[in-house]
Amino acid sequence: MRLLHSQPLSRIGETDMPLPMKITLNGEDHEVESGTTITALLGALKIPLVKVAVERNLCIVPRSTFDEVILQEGDRIEIVRFIGGG
Amino acid sequence: MQDKPLVIAGREFTSRLIIGTGKYKDYAQNAAALKASGAEMVTVAMRRVNVMNPDEPMLVDFINPKETVYLPNTAGCFTGEDAVRTLRLAREAGGWSLVKLEVLSDPKHLYPDMEETLRAAKMLIDDGFDVMVYCSDDPVFARKLEDLGCAAIMPLGAPIGSGLGLQNKVNIRLIVEQSSVPVIVDAGVGTASDATEAMELGCDGVLMNTAIAEAQDPIRMARAMKHAVIAGREAYLAGRMAKKRYADPSSPLAGLI
C-alpha cells in the first residue's frame, strides 16, 4: 500500500523529516516544508500578520487560526493587504 | 446653525467629503492631503502582498485605521463573485463591515455593470455587510439598490478619473429626491466647483480621488475641496434665491438724488 504514496523511495521511513512541498503563493510557485503553518509562512516571508488577510483555496483563514492551519501540497494561498485606491 | 451629521449605517460623520488613497506621489502626501481635506473616511483597495518585498510601505502606517474610517472597495472587480471575495478578505484584514461595492464593466469608461452590482449587493447584504454602492446615475437602479438595503447610494458624476464634473444633474437630483439613505456623488469631480454643485443639488456627500491626487498641488486642492463641500452644503440648506429673467437692482430706487 505504501507504493500508492508518491514519496520518493529514499524518504520512506523518514516521515518525521520535513519534506519540501509545492504551493501557489499569490499566483506564483512557492516551496515550503511540510508542517508549515500560516503563522510560520508569514514569519518566513517577514510579513507582519496583523496587517494582512489570508485566503487558502478560496476560503478565508481567520486570523485566530493562523497558528493551527497547516499548509498542504498544492494549496493556493493568497496574502493581501490594504493599499491606496479610489 | 449646526448641520446634522452625515449618518451612514449608524456611523456619524461631521465631514461630508470622502477621499480616495490612490494615485498620490506617496502615502505621506496622501496622509497630508487627508489632513487638509478634513475627511473622516478614505477608500482603500485590497491587493496581494509583494512577497518579494515585505518591507514596502504599508498604507496603515501612514493613515491610521483607528482614526480614519477605512472603506474597502472592490475596484478592478468585474463580477459579483470577485467583489464578494475581495470584501470578505477586507473584512478579515480590518474587521470592517462598511464597504464600497463597485462592479465595473468596460475599462474604457469604467461604468458600473448594474446587473452584477445588484447581484453582488444582495450577496453582501445577506452576508452582513453595510454596502455603499457605486452606481450609474439611473434613478430606477438607485431605487432598486436602496430597496435591497444598501447603506448609501453613490452615483457617478462622470466616468472615474475623468474630472469632467456632473454630467447629468437632472438624474442626480432625482436620485437625491427619492432616496432615504445618503446619496454621495462618487467619481467625476474635477475641481472645487464640481463638488459644490453636487452638494447644492442636495447630495449628502462627495467622494473623490483623482481630483485631489492629480492636482498640481494635491494638499491645497484637498483644502479647496473641504471648503467646496461645506459651501455647497450650506448653500443647499440656505435655499437659493429664485432665478429671474431680468435684472433687479440691489439698491433701492426710492430717494434717488
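Search region B:145-165 for residues being in contact with a strand residue (DSSP E or B) (Cβ under 7 Å, 6 or more places away or on another chain) and away from every other protein chain (no Cβ under 14 Å), and hand back the single one that is surrounded by the most Cβ atoms within 10 Å (Cβ to Cβ). Outline the logic, then answer.
The initial filter retains those residues of region B:145-165 that are in contact with a strand residue (DSSP E or B) (Cβ under 7 Å, 6 or more places away or on another chain), namely B:145-146, B:150-157.
Restricting the remaining residues to those that are away from every other protein chain (no Cβ under 14 Å) gives B:145-146, B:150-153, B:155.
Values: B:Leu145: 25, B:Glu146: 19, B:Cys150: 28, B:Ala151: 21, B:Ala152: 28, B:Ile153: 27, B:Pro155: 31.
Checking each candidate, the answer is B:Pro155.
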* Structure fact -> A:Thr39 fails exactly one of (1) more than 22 Å from B:Asp61 (Cα to Cα); (2) more than 12 Å from chain B (Cβ to nearest Cβ), namely (1)
* Counting just the residues of region B:119-130 that are among the aliphatic types (A, V, I, L, M) and surrounded by fewer than 19 Cβ atoms within 10 Å (Cβ to Cβ), which one comes out farthest from the chain's Cα centre (by Cα)? -> B:Met123
* Filter region B:56-68 down to residues that are surrounded by fewer than 17 Cβ atoms within 10 Å (Cβ to Cβ) and either polar (S, T, N, Q) or more than 9 Å from chain A (Cβ to nearest Cβ) (or both), then give me how many there are. => 5
* Mind checking which residues of region A:30-41 are touching a helix residue (DSSP H, G or I) at 6+ places or on another chain (Cβ under 7 Å) and either in a strand (DSSP E or B) or among the basic types (Lys, Arg) (or both)? -> A:Val32
* Kindly indicate the residue of region B:118-172 that is of a type in the set (D, E, K, R) and part of a helix (DSSP H, G or I) and also nearest to B:Asp106 (Cα to Cα) among those meeting that condition. => B:Arg119
* Asked: Residue check: is B:Thr21 part of a strand (DSSP E or B), in contact (Cβ under 8 Å) with a residue 60 or more places away in the chain, of a type in the set (Ser, Thr, Tyr) and at the interface with another protein chain (Cβ under 9 Å from one of its Cβ atoms)?
  -> no
* Structure fact -> Note on region B:1-23: residues touching a helix residue (DSSP H, G or I) at 6+ places or on another chain (Cβ under 9 Å) and surrounded by fewer than 22 Cβ atoms within 10 Å (Cβ to Cβ) are B:Met1, B:Asp3, B:Ser15, B:Gly22, B:Lys23
* Structure fact -> Considering region B:36-55, residues that are in contact (Cβ under 8 Å) with a residue 24 or more places away in the chain and either assigned to a loop (DSSP other than H, G, I, E, B) or away from chain A (no Cβ under 11 Å) (or both), and then whichever is farthest from B:Phe13 (Cα to Cα), we arrive at B:Ala36
* Asked: What do you reckon, is B:Leu110 buried (at least 21 other Cβ atoms within 10 Å of the Cβ) and either free of Cβ contacts under 8 Å to residues at least 60 places away in the same chain or closer than 28 Å to B:Glu177 by Cα (or both)?
  -> no
* Considering only region A:42-86, how many residues are more than 11 Å from every other protein chain (Cβ to nearest Cβ), in a strand (DSSP E or B) and aliphatic (A, V, I, L, M)? -> 1
* Asked: For region B:74-100, what are the residues that are out of contact with any helix residue (DSSP H, G or I) (no Cβ under 7 Å at 6 or more places or on another chain), over 23 Å from A:Asn26 (Cα atoms) and more than 11 Å from chain A (Cβ to nearest Cβ)?
  -> B:Leu98
* Structure fact -> The one condition B:Leu71 fails out of (1) more than 9 Å from chain A (Cβ to nearest Cβ); (2) in a helix (DSSP H, G or I); (3) touching a residue at least 40 places away in the same chain (Cβ under 8 Å) is (2)
* To do: From the list A:Glu55, A:Glu73, pick out the single residue that is at pLDDT 85 or above and over 29 Å from B:Pro57 (Cα atoms).
  => A:Glu73
* Structure fact -> Of the residues in region B:204-218, those that are surrounded by fewer than 18 Cβ atoms within 10 Å (Cβ to Cβ) and either over 17 Å from B:Pro159 (Cβ atoms) or aromatic (Phe, Trp, Tyr) (or both) come to B:Gln216, B:Asp217
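Please state which one of B:Leu34, B:Leu59, B:Leu17, B:Leu110 is in contact with a Gly (Cβ under 8 Å, 6 or more places away or on another chain) and under 21 Å from B:Ala228 (Cα atoms).
So the residue among B:Leu34, B:Leu59, B:Leu17, B:Leu110 that is in contact with a Gly (Cβ under 8 Å, 6 or more places away or on another chain) and under 21 Å from B:Ala228 (Cα atoms) is B:Leu17.
The values are calculated or read from the model by the stated rules, or taken from the named source; none is laboratory data. Keep in mind the model is a prediction, meaning the values are calculated, not measured. All Cβ positions, even for glycine, are placed from backbone atoms using ideal geometry, and neighbour counts span all protein chains on display.
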